[in-house]
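Comments concern the structure below.
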Amino acid sequence: MRRLGLLLVASLLVAACGSGSPSPSPVPSGAPASAGIVGPVILDAQTTSATVAVGRMVVFNVQNPESWAVSADPAGVVSVQKGYSDGSATFNPGAQAIAAGTATVTLTSTAGDKLVFTIAVQ
C-alpha cells in the first residue's frame, strides 16, 4: 500500500511538471518588455512644438520646475499641470492632450522668463 501511495504522489508530481502547452506570453517573442507603452513627448527651449494623439502626455523640461506657472490657450485642447515636488521627487510641468486642435502653452518663471510651446492634438 505504501508503494502504491508513493507511485501516486510521483505520478501527480510528473503531471504537475509535465510538458503541457506553455502559457501564452504577454509580449510577443523578440519584443522588448516595454512594447506597447508610449512615453511622454518631451519639449524644451530648443524643441517648442509637437503633434500628439489624444491622451498623450507632454513634459516641459525646464530648470527649477516648481518655479514655472503654466497656462494653455484654448483650455479645451490640453490639460496642464504645474511642476511640483512630492518630497521624494521633482516633476516638470506637463500637459495631457484631451481633444483635437492646436493649443499654445505658455510657461512663465518667477524670474520673468517665458517659454511658448505649440501642441497640435490629432
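Taken together, Ala15, Ala31, Ala45, Ala10 contain a single residue that is of a type outside the set (D, E, K, R), at pLDDT below 95 and in a loop (DSSP other than H, G, I, E, B), which is Ala31. Evaluate segment 70-86: report whether one residue or more is within 20 Å of the chain's Cα centre (by Cα), among the basic types (Lys, Arg) and modelled with pLDDT of 95 or more. Yes, segment 70-86 contains at least one residue that is within 20 Å of the chain's Cα centre (by Cα), among the basic types (Lys, Arg) and modelled with pLDDT of 95 or more. Assess whether Val116 counts as being touching a residue at least 60 places away in the same chain (Cβ under 8 Å), loosely packed, with under 15 Cβ neighbours inside 10 Å and farther than 12 Å from Pro65 by Cβ. Against the criterion (touching a residue at least 60 places away in the same chain (Cβ under 8 Å), loosely packed, with under 15 Cβ neighbours inside 10 Å and farther than 12 Å from Pro65 by Cβ), Val116 qualifies.
The residues on offer are Ala50, Ala103, and the sole one that is in contact (Cβ under 8 Å) with a residue 40 or more places away in the chain and in a strand (DSSP E or B) is Ala50.
The values are calculated or read from the model by the stated rules, or taken from the named source; none is laboratory data. Note that this is a predicted model, so its numbers are computed, not measured. With ideal geometry, Cβ positions are generated from the backbone for all residues, glycine too; neighbour counts draw on all protein chains shown.
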